[in-house]
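Written out below as structure tokens is the structure these notes cover.
Read-outs throughout are calculated quantities, based only on the coordinates presented, and are distinct from any laboratory measurement. What you see is a predicted model; the values in this text were computed from it and never measured. Here the Cβ is made from the backbone with ideal geometry for all residues, glycine too, and neighbour counts use every protein chain on show.
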Amino acid sequence: MLSGIDASPGAGVAVSLRGVSKTYDSGVVALGPIDLDVRKSEFVSLLGPSGCGKSTALRLIAGLSAPTSGAVRVSDSGAGRSIGFVFQEPTLMPWTSVRENVRLPLKLAHVPHSEADARVGEALAQVGLAEFADAYPRELSGGMKMRVSLARALVTDPDILLMDEPFAALDEITRVRLNNDLLALWRKLHKTVVFVTHSVFESVYLSQRVIVMTPRPGRLAAEFRIAAAEPRSEEFRTSVEYAAHCREVSIALARASGEKLAS
Amino acid sequence: MSLLETPPPAAMPAKPGNGNARLVRILLPVIVLAAGVAAWDLVVRINNIPPYVLPGPGAVFSTLVADWPILPQSLLTTLWTTLEGFIAAAFGGIALALLFNQSKWLEHSLLPYAIILQVTPVIAIAPLLLIYLPQQTAVIVCAWIVAFFPVLSNTTLGLNSVDRNLAGLFQLYGASRAQTLRYLKLPAALPYILGGLRIAGGLSLIGAVVAEIAAGSAGAGSGLAYRIAESSYRLNIPRMFAALLLLSAAGIVIYMLLALASHLLLRRWHESALGKEN
């Protein structure tokens with residue numbers, strides 16, 4: 001199952017993909033071959049239209065599926081690969097409380113109860129949901145469910161956070177707020193983040209590096225460094241610099257998707 | 001000009017409140033029951049039908065009172081059999097579904113026979129079972145045969161309905177098979193299992209009754225169904241009705257108990273147990 005996945009990709013690199021491709025049993029080539037390096041503590045976005053293999057790439061990095069060819073290397077912090085994964089849907093267990101949902105990764109790793117309690121409390125506080133620990137998922141709004149999902153990904157204190165279009169289903173206002181909170185968390189915790197999205201604006205706002213992918217099969221088409229001053233805020237979101245980056249990335253995305261851009 | 005007239009406010013139906021709607025839901029079946037019993041009584045009286053053809057409701061009721069020393073004892077026997085059959089069906093169905101879920105080989109080799117057991121009418125199997133097994137065991141096995149399949153198929157459906165992303169999450173965190181079963185598959189399957197048990201409750205009563213009737217005069221049983229068969233031979237029709245009444249009541253109570261258990265277990269999270277206003 002884990003064939004083609006080796007530890008230690010090299011100093012300073014958190015995730016490394018070399019000649020990685022994925023072909024499904026049906027014969028559909030979903031991805032690659034692609035080469036990709038993500039540095040430690042870097043925030044990278046994979047941007048592309050739906051069906052371009054972004055999510056496949058993320059699942060390969062997580063070890064949830066094995067590459068057809070090539071090698072996936074993920075840095076190892078001693079106690080095995082430490083990865084947090086946030087899905088497109090909140091993916092919470094409806095039959096138990098927010099607290100138990102966040103505790104799940106620790107329970108599966110047999111972390112002692114008292115220690116787990118403290119870490120669950122901390123993770124919930126980080127996403128601003130400390131008072132909702134005893135609520136059930138169905139009692140929460142979409143944005144709050146996503147926060148719970150994020151808290152669950154953070155509770156194991158992973159080095160790498162993989163996020164698969166986590167805010168795609170949320171309304172604009174909630175999405176902007178979660179974007180800001182995610183950036184604040186990233187600045188504070190120094191995680192490596194690989195963020196999959198189909199929103200140009202989101203990718204430019206969040207990332208240090210935006211990677212544009214082509215559809216069917218997913219390949220890397222273009223790469224942009226967004227060297228904006230930190231910390232980013234609403235000021236950046238409304239700046240000329242931000243608009244320029246968005247335009248640049250949009251053109252690259254349109255070209256990668258094989259469309260002609262008007263004007 | 002009458003076309004333009006709006007109906008007066010009094011003609012508008014008043015919107016019943018929540019409490020009223022609830023009262024109506026309880027009251028309507030009771031009225032239907034009362035009307036049915038009254039009609040039954042009337043038909044018997046007007047046509048002068050003798051009690052050995054069709055006893056009136058009064059005769060049935062007085063038989064129920066007069067036979068009180070025998071009938072509850074029989075009811076208890078049948079209920080006990082039903083309970084044993086139900087427990088066997090619940091454990092057997094869930095355990096078999098878990099085994100099938102862990103091993104496809106086992107599922108492919110055994111599932112066809114589970115289906116054969118289900119589609120063969122139990123009334124046809126019961127006489128055979130009574131030949132090979134002691135009577136009490138045969139009756140329980142009958143109850144089990146009828147009741148285990150809905151538990152098996154519902155549990156299998158539930159175990160296969162686990163959210164794919166949640167399963168991926170468990171895989172990501174290196175969950176063992178036992179952990180995945182305990183923390184993911186069983187809770188996810190719980191609403192389906194409870195649905196299966198609700199069907200199995202009524203079916204195990206039917207299985208017990210069928211086996212008791214099949215055992216009939218040959219058996220030394222004393223269950224309610226045996227009483228019905230015995231009364232039929234003696235043309236004691238009022239007692240047949242009284243026993244039938246008790247059987248129906250038992251079936252209703254079993255269903256209500258299982259529905260209550262299901263509601264209590266699911267009320268915090270499952271759509272089926274949530275109020276409409278949520």
Say each of A:ALA229 and B:ALA95 gets a label point 7 Å from the Cα, pointing the same way as Cα to Cβ; how far apart are those two points in nm? 7.2
Above 19 angstrom, tally the Cα pairs of the range B:125-278 and express them as a % of all pairs, no decimals. 65
Shape box of chain B [Cα atoms, principal axes, largest first, Å]: 79, 76, 34
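DSSP loop trypsin sites (Lys or Arg not before Pro) in the range A:175-263 with at most 13 other Cβ atoms within 10 Å of their Cβ, which ones?
Values: sites: A:ARG175, A:ARG177, A:ARG187, A:LYS188, A:LYS191, A:ARG209, A:ARG219, A:ARG225, A:ARG232, A:ARG237, A:ARG247, A:ARG255, A:LYS260; in loops: A:LYS191, A:ARG232, A:LYS260.
In loop regions of the range A:175-263 (DSSP not H, G, I, E or B), the sparsely surrounded trypsin sites (Lys or Arg not before Pro) are A:LYS260.
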Scan chain B and note any complete DSSP helix (H) whose C-alpha atoms cover at least 18 Å along its axis and whose Kyte-Doolittle average is 1.6 or more. B:237-266
Sorted largest first, the C-alpha extents of the protein assembly as shown along its principal axes in whole angstrom are 100, 80, 50
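Only bridges with both residues in chain A count here: give the DSSP antiparallel percent, nearest 5.
Values: 18 of 40 bridges.
Taking every DSSP beta bridge within chain A, about 45 percent pair in antiparallel fashion.
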Quick one: which residues, 5 or more positions from A:ALA221 or on another chain, have an amide H under 5 Å from its amide H? H modelled 1.01 Å from N in the peptide plane, none for Pro or chain starts. A:VAL212, A:MET213, A:THR214
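So if a site counts as exposed when it's one of the GluC sites (Glu not before Pro), its DSSP state isn't H, G, I, E or B, and it has at most 15 other Cβ atoms within 10 Å, what's the longest stretch of chain B without one?
The longest uninterrupted stretch comes out as B:6-276.
Reported to two decimal places, what Rg/Rh ratio describes the range A:112-263 when computed on Cα atoms with Rh from the Kirkwood expression? Numbers along the way, then the final one.
On the way: Rg = 17.4 Å, Rh = 17.1 Å.
Rg divided by Rh gives 1.02.
Name the longest site-free stretch of chain B, where the excluded sites are trypsin sites (Lys or Arg not before Pro) in a DSSP loop with no more than 14 other beta-carbon atoms within 10 Å. Kindly include the intermediate steps, with their values, before the conclusion.
Values: sites that count: B:ARG234, B:ARG267, B:LYS276.
Formally, the longest exposed-site-free interval is B:1-233.
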Going by amide H atoms built from the backbone, whose H comes under 5 Å of the H on A:LEU161, apart from near neighbours? A:GLY84, A:THR192, A:VAL193, A:VAL194
Please report, in whole Å, how far the alpha carbons of the range A:147-228 spread along each principal axis, starting with the longest. 34, 29, 28
Based on the Cα coordinates of chain A, what is the per residue volume of their convex hull in Å³? 139
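Using a Förster distance of 41 angstrom, determine the FRET efficiency expected from the C-beta separation of B:SER62 and B:ILE116, and round it to 0.05.
Working: r = 47 Å, r/R0 = 1.14.
Taking R0 as 41 Å, the efficiency between B:SER62 and B:ILE116 is 0.30.
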How far, in nm, would the chain grow between A:ARG216 and A:ILE173 when pulled straight, counting 0.36 nm per residue and subtracting the alpha carbon separation? 12.3 nm
Rounded to the nearest 0.05, what FRET efficiency do B:LEU42 and B:LEU244 give with R0 = 22 Å and r taken as the Cβ-Cβ distance? Could you check? 0.60
